[in-house]
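Written below as structure tokens is the structure these notes are about.
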Amino acid sequence: MSGLEEQLQKKILVLDGAMGTMLQEYKFSEEDFRGERFKDWPAPLQGNNDLLSITQPKAIATIHRKYFEAGADIVETNTFSATTIAMADYEMEELVDELNYESARLAKEVAVELTKKNPEKPRFVAGAMGPTNKTASMSPDVNDPGFRAISFEELRLAYRQQAKALIKGGVDILLLETVFDTLNAKAALFAIDELKEELALDIPVMVSGTITDASGRTLSGQTAEAFLISVSHIPLVSIGFNCALGAKQLTPHLEVLNRFASSGVSAYPNAGLPNAFGEYDQDAEEMAAEIKEYLEKGLVNILGGCCGTTPKHIKAIADITKDYKPRKIVTPKFSTVL
């Protein structure tokens with residue numbers, strides 16, 4: 001049993017908040033994104049947040065530290081788009097190994113430093129693996145439903161490369177997050193399974209999907225229950241949802257996972273729903289008040305924040321979480337699921 005799994009049995013673990021929200025405060029320019037090393041790069045780089053682990057490492061380390069100090073047990077690496085598939089937008093496919101390794105190393109350094117200060121509260125690093133900007137199960141062309149912009153095999157290779165570099169950089173967990181297409185996630189899980197065998201390493205894996213609208217389905221059309229069943233062939237430390245919805249809207253979908261999941265359940269919703277300008281207005285106290293329902297119903301084992309959340313939100317979540325026990329992990333009594 002890993003240290004993380006031991007901690008999960010004792011308490012609800014707190015995950016960090018949004019990286020993008022925090023980076024917006026820095027107002028980094030194109031020049032800041034480029035730094036000295038990439039000043040002559042042929043493609044525009046502003047908006048490539050993952051690159052900041054190389055060009056602005058102090059800012060990334062500071063954000064990790066702020067989340068840990070706010071009460072987070074786990075921070076995510078700054079690698080949401082660090083696959084060859086997503087980095088093709090910036091012509092930076094060749095940098096994928098370095099981006100993942102450096103991001104993992106940065107986060108791990110801060111985690112080790114703060115664990116040394118308070119060994120009673122061990123800090124963990126989750127290697128963030130985003131959904132990529134392609135979908136394996138749907139056509140991006142309405143006139144050609146059979147067309148696919150990416151194959152399972154291409155996704156497998158890209159995720160394998162990312163996971164291997166994250167592990168090398170020192171992550172404690174691999175986190176597949178914001179899953180909108182379960183087939184993409186299955187390619188990643190297949191790649192991770194291969195890597196575990198190759199490296200003789202049993203690294204914990206978390207999966208977090210995203211319910212895209214009021215219909216209660218992922219973008220590729222699955223309900224919460226179908227999503228859970230689709231990835232249940234892999235031993236997971238947790239399954240849950242993040243992004244797209246605020247805490248209140250996520251509750252019924254977490255109740256489904258609570259009924260059927262034989263692993264931990266995670267939730268890191270947005271700070272409410274976006275306003276007309278795409279910004280998130282929900283403050284820390286309001287969000288914590290909505291999340292209290294998860295705790296009273298015993299729905300979660302891991303709790304954090306997604307878009308719009310800051311260290312203030314995470315502190316409010318950590319403060320309220322202390323008074324509650326984690327969801328009991330039991331194996332549901334059924335033999336066949338379809």
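When Leu45, Leu51 are checked against the criterion of being in a helix (DSSP H, G or I) and farther than 17 Å from Leu114 by Cβ, a single residue qualifies: Leu51. State whether one or more residues within segment 61-71 are of a type in the set (A, V, I, L, M, F, W, C) and more than 19 Å from Lys312 (Cα to Cα). No. Restricted to helices (runs of 4 or more DSSP H) entirely inside segment 244-338, those with at least 2 residues that are among the β-branched types (Val, Ile, Thr) and out of contact with any Cys (no Cβ under 6 Å at 6 or more places or on another chain) are 247-260, 311-321. Pairing residues of segment 85-108 that are over 15 Å from Lys168 (Cβ atoms) with residues that are of a type in the set (Lys, Arg), at Cβ distances under 6 Å and at least 6 apart in sequence or on separate chains, gives Ile85/Lys134.
The selection criterion, being on the phi > 0 side of the Ramachandran plot and either outside any helix (DSSP H, G or I) or surrounded by 14 or more Cβ atoms within 10 Å (Cβ to Cβ) (or both), holds for Lys27. In segment 256-272 there is no residue that is small (Gly, Ala, Ser) and over 20 Å from Thr210 (Cα atoms). Entry remark, segment 142-175: residues being of a type in the set (Gly, Ala, Ser) and either in a helix (DSSP H, G or I) or buried (at least 21 other Cβ atoms within 10 Å of the Cβ) (or both) number 4 in total.
Filtering segment 61-104 down to residues that are part of a helix (DSSP H, G or I) and among the β-branched types (Val, Ile, Thr), which residue is surrounded by the most Cβ atoms within 10 Å (Cβ to Cβ)?
Checking each candidate, the answer is Ile63.
Scanning segment 281-321 for residues that are among the charged types (D, E, K, R), free of Cβ contacts under 8 Å to residues at least 40 places away in the same chain and under 25 Å from Glu6 (Cα atoms) returns Lys292, Glu296. Scanning segment 244-300 for residues that are in contact with a Lys or Arg (Cβ under 7 Å, 6 or more places away or on another chain) and over 20 Å from Ser230 (Cβ atoms) yields a count of 5. Has segment 190-203 got any residue that is surrounded by 15 or more Cβ atoms within 10 Å (Cβ to Cβ), part of a strand (DSSP E or B), over 14 Å from the mean Cα position of the chain (by Cα) and free of Cβ contacts under 8 Å to residues at least 60 places away in the same chain? The answer is no, given that none of the residues of segment 190-203 is surrounded by 15 or more Cβ atoms within 10 Å (Cβ to Cβ), part of a strand (DSSP E or B), over 14 Å from the mean Cα position of the chain (by Cα) and free of Cβ contacts under 8 Å to residues at least 60 places away in the same chain.
Looking across Lys58, Lys39, Lys10, one residue alone is within 23 Å of Thr321 (Cβ to Cβ) and surrounded by fewer than 18 Cβ atoms within 10 Å (Cβ to Cβ). It is Lys10.
Sub-6 Å Cβ pairs linking a first residue in segment 147-172 that is under 19 Å from Leu201 (Cα atoms) to a second residue that is among the hydroxyl-bearing types (Ser, Thr, Tyr) and part of a loop (DSSP other than H, G, I, E, B), at least 6 apart or interchain, are Gln162/Thr83, ordered by first then second residue. Taken together, the criteria place Thr218 among residues that are under 27 Å from Ser139 (Cβ atoms) and out of contact with any His (no Cβ under 8 Å at 6 or more places or on another chain).
Read the figures in this text as sums done on the coordinates, not as results from a lab. Everything numeric in this text was worked out from a predicted model, so none of it was measured. When we count neighbours, we look across all protein chains shown, and the Cβ atoms used for this are built from the backbone with ideal geometry, even at glycine.
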